[in-house]
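J.: Following this message is one structure expressed as structure tokens.
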Amino acid sequence: MKASRIFILACLFVAGSTSPAMAQSRKEKKQQTEQAVSRAIESKNYKISVNRATPMQGGSKFLTDSYSVEVRNDSIYSYLPYFGVAYSLPYGGGKGLNFKEPISEYTTEYGKKGEARITLKVRNEEDNYTYNITIYPNGTSSIQVTPTNRQSISFSGDMELKQQKQ
């Protein structure tokens, strides 16, 4: 009986002492993620993997392919699907939201909760596009694409963070 009480007390002591270490670990990981997101935004060098599309009409769609938007310095690499109404298209349907072009305008604003609101404008031979990207401190992102000749479409996904060497 006495041995079981000692065993229970020992288990409670071990459980109580490991929880703060795990909480500290989670806190440090969260802080590292926030720093990595901030560095990527400041350097204008990041990639967002998209896993959901929400057109203006119809429901949202989970995406199974590896769609993404990548910003590298002064260019955007857009590989996104398009679902929606097109008002004017080139013969054959055009490229849609799949292109690599230089960015003509780029602005970043920060919200109260630390989210970055990025607006960028780009033009290719088919259309003019405005990308409104919101990146939260944990790396989750939402993207709204507003083309001139098509309906707007929204996407959500996660920023790909490069792992730091420790």
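J.: When the residues of segment 37-58 are narrowed to those that are in contact with a Gly (Cβ under 8 Å, 6 or more places away or on another chain) and of a type in the set (A, V, I, L, M), which ends up surrounded by the fewest Cβ atoms within 10 Å (Cβ to Cβ)? I'd like the intermediate steps shown before the answer.
T.: Step one: filter segment 37-58 for residues in contact with a Gly (Cβ under 8 Å, 6 or more places away or on another chain), giving 37, 48-52, 55-57.
If we keep only those that are of a type in the set (A, V, I, L, M) as well, we get 37, 48, 50, 56.
On the way: V37: 23, I48: 24, V50: 21, M56: 12.
The selected residue is M56.
J.: Take segment 27-84 and flag every residue that is within 18 Å of P102 (Cα to Cα), polar (S, T, N, Q) and assigned to a strand (DSSP E or B).
T.: N45, S68, S75, S78, listed by residue number.
J.: Return the residues of segment 134-149 that are buried (at least 16 other Cβ atoms within 10 Å of the Cβ) and either over 23 Å from G84 (Cα atoms) or touching a Gly at 6+ places or on another chain (Cβ under 6 Å) (or both); say none if nothing qualifies.
T.: Matches in segment 134-149: I135, Y136, P137, G139, S141.
J.: Any residue that is at pLDDT 90 or above, in contact with a Pro (Cβ under 8 Å, 6 or more places away or on another chain) and of a type in the set (D, E) - is there at least one of those in segment 29-50?
T.: There is no residue in segment 29-50 that is at pLDDT 90 or above, in contact with a Pro (Cβ under 8 Å, 6 or more places away or on another chain) and of a type in the set (D, E).
J.: Looking for something under 30 Å from K29 (Cα atoms), among the small types (G, A, S) and without any contact (Cβ under 8 Å) to a residue 40 or more places away in the chain - is there at least one such residue anywhere in segment 94-111?
T.: yes
J.: Within segment 85-103, is there a residue that is on the phi < 0 side of the Ramachandran plot, touching a helix residue (DSSP H, G or I) at 6+ places or on another chain (Cβ under 8 Å) and not acidic (D, E)? Even if it seems obvious, please write down each step before you answer.
T.: So in segment 85-103, the residues on the phi < 0 side of the Ramachandran plot come out as 85-91, 95, 97-103.
This time we only want the ones that are touching a helix residue (DSSP H, G or I) at 6+ places or on another chain (Cβ under 8 Å), so: none.
Within segment 85-103, not a single residue is on the phi < 0 side of the Ramachandran plot, touching a helix residue (DSSP H, G or I) at 6+ places or on another chain (Cβ under 8 Å) and not acidic (D, E).
J.: Inside segment 90-166, counting only strands (runs of 3 or more DSSP E) that do not spill past its ends, which hold 2 or more residues that are charged (D, E, K, R) and within 19 Å of R72 (Cα to Cα)? Full working, then the answer.
T.: Working: elements: 97-110, 116-123, 128-135, 140-147, 153-160.
Here the list reads 97-110, 116-123, 153-160.
The values are calculated or read from the model by the stated rules, or taken from the named source; none is laboratory data. Since we're looking at a predicted model, the values are computed, not measured. For neighbour counting, all protein chains shown are included, and Cβ atoms are generated from backbone atoms with ideal geometry for every residue, glycine included.
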